[in-house]
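The values are calculated or read from the model by the stated rules, or taken from the named source; none is laboratory data. This is a predicted model, so every value here is computed, not measured. Cβ coordinates were reconstructed from backbone atoms using ideal geometry, including for glycine residues, and neighbour counts include every protein chain displayed. Accessible surface is based on the protein model in full, side chains and every heavy atom, while ligands, DNA and RNA are left aside. Shrake-Rupley method; radii C 1.70, N 1.55, O 1.52, S 1.80 Å.
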Amino acid sequence: MPEQRKDPIAKKRMEALKRGKVHRIKEEQPMPTAVHLIGIGKMGADYIASAVANAPENFLTDERQRFTALAVDLDDRNLAPVRKLAEKLPPNKAQVRTVALEIPDRNELFSSLRRYREFLKLEFPRYYWNPNYEPWLPENLTIPEPGEPCPRALAKAIYGRAYYEDTQAIEQELEAFAKSVDAAKCQSIVCIVFGLGDSVGSGIVVDLARHLSNVKFGRRALVQGIGIVPCDGDSEAVQTAELFPVLNELDCMLDQEKNKGVVQVWGDLYRDPFTAGFMLVPQQPVWEKTQDIEATRQKVYRELTSFLLDNQSIDLYESLRMLNWIGAPPSQHAAARSQYGKQWCHIFGFVDEVFDTEDLPKKLGLIGDFNPDYFELRTSYARSEEMDKKLTELAEKMNKVFAPLIEPSLIQSKIKEKGSVQFILPGASKTDLEIFFKGRNSYDEIDWDEKLMVHSWLLELGVMLSEPAIRFNGMAGECLWGCACWVVVPYEDIRGEDSSNVREQLEEIVKL
């Protein structure tokens, strides 16, 4: 049993949550929360369209609230529905925009990539000007047309060219987005939504999140990452090898120890941009019921929108406070932002009116004995003796399935999505996720050139994160240019294996 689960202080801390002393809002007319959205790739754009279409009736009625949304993709056809639906929102209270990144020809793209050191030096004066730098894309690369598959490494390059050089359209849109968020007269939370298996979304998010959070907001805003997990109904293209580097890149951002190992080598430019943490949204439980991928996505989108936007976004706000408390050491002040370590992944889920919990961990993509310390069940069901009995039975089932330190609480909410109970399971690590090991197996079967194209984060530094370092035995981050590019992260940690055998070596390397 992990030490925290034996610790009586940890149990008392969870009991404080259950009593609602830490995170629940007590006021009858509480300050609302303004949630703002960025959707990247087709799935991100589809989510924003769904969120606007399914926004609650009382959305933006409070004069202190404001809504800002930005959808970014390579294909403008995926963005048109967002613009059309945004017409129904009041222009004085909402700003909804889209950016279709231009896909340049090969010569234009490589001309931009050859200047990448100049761009990074302007953005971050401490950037190391590597004399061995070369564009990370292969010379024989075929540039796709809009709507055709685009690998992560190429999506990153297209975004970088647009941000730094192509009339700075995306840079200006991020600036406008940040100004609109700042115009809200209440607490704001920015949610960046993308599909984990969407190569465009996952390829761009690692840089866009950095530019928004670290540059435009100066790390003062709450930025929440939300990754939608592929299900069996998705095409094989989104369930394959790229999931391994995607999860490793998120892991090295959100686990503060691993992120420290990246920042030690490459500077604060690569600090974790997700200042409010990260949630995964599984689709598999819905897919198993519908066997219809479009119906599955729309249901998942509606549930997520309900959680984010209904009830003046109080459910999200309280949940983030709850997660902050769970992840904090006993000495930390309740208002401070917590670091979650390797348990950075929080799982958003829901059960419908059947309250079916059979094989729920498996359906959520969890493996092994995953036991969150605490969680809450939020529902809008009208109270009655019969319903109270059913909800109590559900809480008992969930308690038995996940065995938290303290039994879960039932929270009456005003979420619009009737007939469901929503929850967040805190504190999963990447090795608690089935998709990590499926992705790793697929990744191991592809050749080096294919592995390069499924990477994104740190490629501009010449680092392939999910490969072993060349000059530092036991460390991660193969250098594309044969020099000393690497990260201070054990390669076994990248693989999801025991790294205790290289910890002493790691300490010696850091001293040097």
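The figures follow:
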read-out	value
Selected residue (criterion: farthest from Asp272 (Cα to Cα)) from residues of the stretch 211-227 that are in a helix (DSSP H, G or I) and open to solvent by 10 Å² or more (accessible area, probe 1.4 Å)	Lys216
Helices (runs of 4 or more DSSP H) (entirely within the stretch 350-468) containing at least 3 residues that are at pLDDT 90 or above and more than 30 Å from Ile314 (Cα to Cα)	434-444, 448-453
Residue satisfying all of: in the stretch 44-76; open to solvent by less than 10 Å² (accessible area, probe 1.4 Å) and of a type in the set (A, V, I, L, M); nearest to Leu89 (Cα to Cα) among these	Val52
Qualifying positions in the stretch 175-205 - open to solvent by less than 10 Å² (accessible area, probe 1.4 Å), among the hydrophobic types (A, V, I, L, M, F, W, C) and in contact (Cβ under 8 Å) with a residue 60 or more places away in the chain	Phe177, Val181, Ile189, Val190, Cys191, Ile192, Val193, Phe194, Leu196, Ile204, Val205
Residue count, the stretch 119-134 (criterion: exposed (fewer than 15 other Cβ atoms within 10 Å of the Cβ) and at pLDDT 95 or above)	1
Number of the exception - Gln172 against (1) in a helix (DSSP H, G or I); (2) open to solvent by less than 80 Å² (accessible area, probe 1.4 Å); (3) over 30 Å from Asp234 (Cα atoms)	(2)
Residue count, the stretch 453-474 (criterion: touching a residue at least 24 places away in the same chain (Cβ under 8 Å) and either buried (at least 24 other Cβ atoms within 10 Å of the Cβ) or under 22 Å from Arg117 (Cα atoms) (or both))	13
Lone qualifier among Leu247, Leu280 - being in a helix (DSSP H, G or I), among the hydrophobic types (A, V, I, L, M, F, W, C), open to solvent by less than 10 Å² (accessible area, probe 1.4 Å) and closer than 23 Å to Leu366 by Cβ	Leu247
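Each row is one residue, and each column tells you yes or no for (1) touching a Pro at 6+ places or on another chain (Cβ under 8 Å); (2) aromatic (Phe, Trp, Tyr); (3) within 23 Å of Phe436 (Cα to Cα); (4) buried (at least 21 other Cβ atoms within 10 Å of the Cβ).
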site: Trp344; (1), (2), (3), (4): no, yes, yes, yes
site: Phe355; (1), (2), (3), (4): no, yes, no, no
site: Asn371; (1), (2), (3), (4): yes, no, yes, no
site: Leu410; (1), (2), (3), (4): no, no, no, no
